[in-house]
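Novice: If you scroll down you'll find the structure; I have some questions about it.
The values are calculated or read from the model by the stated rules, or taken from the named source; none is laboratory data. Predicted model only: the values in this text are computed from it and were never measured. Note: ideal-geometry Cβ built from the backbone for every residue, glycine included; neighbour counts use all protein chains shown.
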Amino acid sequence: MRLGLYYDLRNPGGARSWARVYTATLDRIGWADRAGIGAIWVTEHHGFADGYLPAPLTFCAAIAARTSRARIGTAVVVGPLIPPPALAEQAAVVDILSDGRLELGLGAAGGRRSSPPSAPTTPAATRPSSTRSGRCPGCGTPGG
């Protein structure tokens, strides 16, 4: 049997700074890799009050820099939000940085709770994907 860890990086109520959430998670992932965990999985969501992770491939690159053995997976990257050439290039960079350990899971946005960035459910200033322009930095769509 192989074991893996799944991270969605929620931050209920903004209890901690996003820098602390990301850093603490990367520290735990590094420890898990050294302990022999088989895989690390992250997800992508936009517009949730408790955050989630808006840029999984960016986070996967950080995971690759902190690990050497565990597979690194996306469950899932919302493909329609990223132009296909950019998605392929971003995934290729992570795969190179991880020495071929990327497991790229793709999906389509859907359902009431995973609405696209054009229908945010939280104020822009509280979302980690927000910019002053109110556009998603990864894909340029309104709302982040």
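Novice: For the stretch 1-42, which residues satisfy the criterion of being assigned to a loop (DSSP other than H, G, I, E, B) and touching a residue at least 24 places away in the same chain (Cβ under 8 Å)? Break it down stepwise before answering.
Specialist: So in the stretch 1-42, the residues assigned to a loop (DSSP other than H, G, I, E, B) come out as 1-3, 8-11, 15-17, 36-38.
R2, L3, D8, L9, R10, N11, G36, I37, G38, listed by residue number.
Novice: In this structure, does T25 turn out to be polar (S, T, N, Q) and under 15 Å from R66 (Cβ atoms)? Reasoning before the result, please.
Specialist: Numbers: polar (S, T, N, Q): yes; under 15 Å from R66 (Cβ atoms): yes.
When the stated conditions are applied, T25 passes them.
Novice: I've got another one for you. Is it the case, given these coordinates, that G47 is more than 19 Å from V94 (Cβ to Cβ) and buried (at least 19 other Cβ atoms within 10 Å of the Cβ)? Can you show your working first?
Specialist: Values: more than 19 Å from V94 (Cβ to Cβ): yes; buried (at least 19 other Cβ atoms within 10 Å of the Cβ): yes.
For G47, the condition - more than 19 Å from V94 (Cβ to Cβ) and buried (at least 19 other Cβ atoms within 10 Å of the Cβ) - is met.
Novice: Here's a follow-up. Output the number of residues of the stretch 23-41 satisfying the condition of being among the hydroxyl-bearing types (S, T, Y) and surrounded by fewer than 18 Cβ atoms within 10 Å (Cβ to Cβ). Outline the logic, then answer.
Specialist: In the first step, residues of the stretch 23-41 are kept if they are among the hydroxyl-bearing types (S, T, Y); the result is 23, 25.
Next, from what is left, pick out any that are surrounded by fewer than 18 Cβ atoms within 10 Å (Cβ to Cβ): 23.
Counting residues in the stretch 23-41 that are among the hydroxyl-bearing types (S, T, Y) and surrounded by fewer than 18 Cβ atoms within 10 Å (Cβ to Cβ) gives 1.
Novice: In addition: All but one of (1) touching an Asp or Glu at 6+ places or on another chain (Cβ under 9 Å); (2) modelled with pLDDT of 95 or more; (3) closer than 21 Å to V21 by Cβ hold for T58; which doesn't?
Specialist: Status for T58: all satisfied but (1).
Novice: If T74 passes every condition in (1) of a type in the set (S, T, N, Q); (2) under 21 Å from L3 (Cβ atoms); (3) at pLDDT below 95 but one, which one does it miss?
Specialist: (3)
Novice: Can you tell me how many residues in the stretch 39-90 are polar (S, T, N, Q) and under 22 Å from A108 (Cβ atoms)? Step through it out loud before you land on a result.
Specialist: At the first step, the residues of the stretch 39-90 found to be polar (S, T, N, Q) are 43, 58, 67-68, 74, 90.
Right, trim to under 22 Å from A108 (Cβ atoms) and you get 43, 58, 74, 90.
Adding up the residues that qualify gives 4.
Novice: Another question, if that's okay. Go through A49, A62 for me and flag whichever is of a type in the set (A, V, I, L, M, F, W, C) and either over 14 Å from the mean Cα position of the chain (by Cα) or in a strand (DSSP E or B) (or both). Spell out how you get there, then give the answer.
Specialist: Values: A62 fails: either over 14 Å from the mean Cα position of the chain (by Cα) or in a strand (DSSP E or B) (or both).
The unique qualifying residue is A49.
Novice: Report every pair of residues separated by at least 6 positions or lying on different chains whose Cβ atoms are under 6 Å apart, first residue within the stretch 51-74 and free of Cβ contacts under 8 Å to residues at least 40 places away in the same chain, second assigned to a loop (DSSP other than H, G, I, E, B) and of a type in the set (S, T, N, Q).
Specialist: A64/S98; I72/S98
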